Amino acid sequence: MSNKRDYYEILGLTQSASVEEIEKAYRKLARQYHPDRNIGDETAAHKFREATEAHDILVDSEKRAIYDRYGHAGLEGMAGGGGFPGGSASDFFTDILSSFFGGGGTGRRSRGPQSGNDIQIELEIDLVEAYTGCKKSIPVQRLEHCKKCNGKGTLSGKKTSCKRCAGKGVIVNQAGFFAVQRECPSCRGSGQEISDPCNNCRGQGKVNSGSKIEVNIPPGVDTGVHVQLRGEGEAGDPGAPRGNLDLIIRVADHPDFSRQRDELYCGIPITFSQAALGATIEIPTLTGKTSLQIPRGTHSHSEILISGEGMPNLRSPNRRGNLHVVVVIETPQSLTKRQEELLRELSEIDQKVVSAPKKGLLDRLKHLFQHNEDS
Ligand SMILES: [Zn+2]
Ligand SMILES: [Zn+2]
């Protein structure tokens, strides 16, 4: 999703770097690329900004945890894409993180045409779709510009002075000794109101409408990952930008495979003879098959690792996790005559007590592997 460089790579560190190491690496880069020392050098300025951003994220344990888990995509999901609109990177991230974690609203919007609202939608996909990446068509209910009045809310374009605020755009409330001035909610600060509202949108300029949008979900997404679609939110006032659509991914449980980050886990039944003698068997993966080497003398419930058969990494999809196969020795519930003979022979060699053969075959099968207290 992102072509931004890895934060650790920027600082020349690995994921296990301590805060001290991050500070040290940042100080070195900041000294080297500081704009005051490299006047007019755009490359240096870029490197300085890059290092500052990497530092600001990685020294904050909360942001670092999000980055470690979801990469740039995770932060972008909350941030509304790359770039820092005004202020420093750290201010910007503090803002978006606090709104992400429910730390209060975004505050009052400024006067003038307002941009559209952001929409959040939860999208459930299955594990195979998360593995391969997928294209989804998502139904969205959102405010769109009214086609009849082109979003103006009026056909004639005639406006009169707002009655509520007498055209001032603000109303004044008395709170004790203080006069508190706030934006007029009727005209939203414009001081004007429409004299002949459009009958399609009742003067709002916008109507609720359903549509479908196509989304590409990258391979490796996990529950909680945000995929942001800029400009796919609700329509804004005429001339103002649309809001964004924030897709929150939920990956449904799979009946056979479970997942932890990029690692996949599954259980495979094997026979006692496969466990004792060793075998190569074919086992299902999320999208096909792979071969599993069972070493001679494998215990039940031991784990065999198949490297590179796990989930693709969201940040670098060419890197994959591992598949952990837990092999479970299954005791047969029914035996052929020959199988029974061989097992009895084996038990003689083992010199272990087993139940005596019964007359009827069915009885024999039923009681074969039950622990017999009377014998
Ligand atoms: Zn007003
Ligand atoms: Zn209208």
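Here are some notes:
- Flag not set for residue 166, criterion: away from ligand 1 (no atom under 11 Å from the Cβ) and over 44 Å from the mean Cα position of the chain (by Cα).
- Candidate set from segment 194-210 (those that are assigned to a strand (DSSP E or B) and modelled with pLDDT of 90 or more); member that is nearest to ligand 1 (Cβ to nearest atom): 206
- Among the residues making up segment 217-245, a single one is of a type in the set (S, T, N, Q) and farther than 22 Å from residue 116 by Cβ: 223.
- In segment 172-188, residue nearest to ligand 2 (Cβ to nearest atom) [restricted to those that are among the hydrophobic types (A, V, I, L, M, F, W, C) and closer than 24 Å to residue 236 by Cβ]: 187
- Residues of segment 1-58 that are acidic (Asp, Glu) and touching a Leu at 6+ places or on another chain (Cβ under 9 Å): 21, 50.
- Top-ranked residue in segment 169-190 [being away from ligand 1 (no atom under 14 Å from the Cβ) and aliphatic (A, V, I, L, M); ranked as nearest to residue 208 (Cα to Cα)]: 180
- Selected residue [under 28 Å from the mean Cα position of the chain (by Cα), without any contact (Cβ under 8 Å) to a residue 24 or more places away in the chain and not assigned by TED's automatic domain parsing to the domain that holds residue 129] from 288, 267: 288
- Test for residue 238: is it without any contact (Cβ under 8 Å) to a residue 24 or more places away in the chain, more than 22 Å from residue 73 (Cβ to Cβ) and over 19 Å from the mean Cα position of the chain (by Cα): no
- Of the strands (runs of 3 or more DSSP E) lying entirely inside segment 251-356, those containing at least 1 residues that are acidic (Asp, Glu) span 263-270, 279-284, 302-306.
- The set of residues from segment 1-23 being within 15 Å of residue 53 (Cα to Cα), of a type outside the set (Gly, Ala, Ser) and over 24 Å from the mean Cα position of the chain (by Cα) comprises 11, 13, 19, 22, 23.
- Test: residue 215 is more than 16 Å from ligand 2 (Cβ to nearest atom), touching a residue at least 24 places away in the same chain (Cβ under 8 Å) and assigned to a strand (DSSP E or B): yes
- Against the list (1) in contact with an Asp or Glu (Cβ under 8 Å, 6 or more places away or on another chain); (2) over 19 Å from residue 237 (Cα atoms), the condition residue 154 fails is (2).
- Per this entry, residue 191 is not counted among residues that are surrounded by 13 or more Cβ atoms within 10 Å (Cβ to Cβ), modelled with pLDDT of 85 or more and within 15 Å of ligand 2 (Cβ to nearest atom).
The values are calculated or read from the model by the stated rules, or taken from the named source; none is laboratory data. None of the values given here were measured: they were computed from a predicted structure. Positions of Cβ are generated from backbone atoms using ideal geometry, with glycine treated the same way; all protein chains shown enter the neighbour counts.
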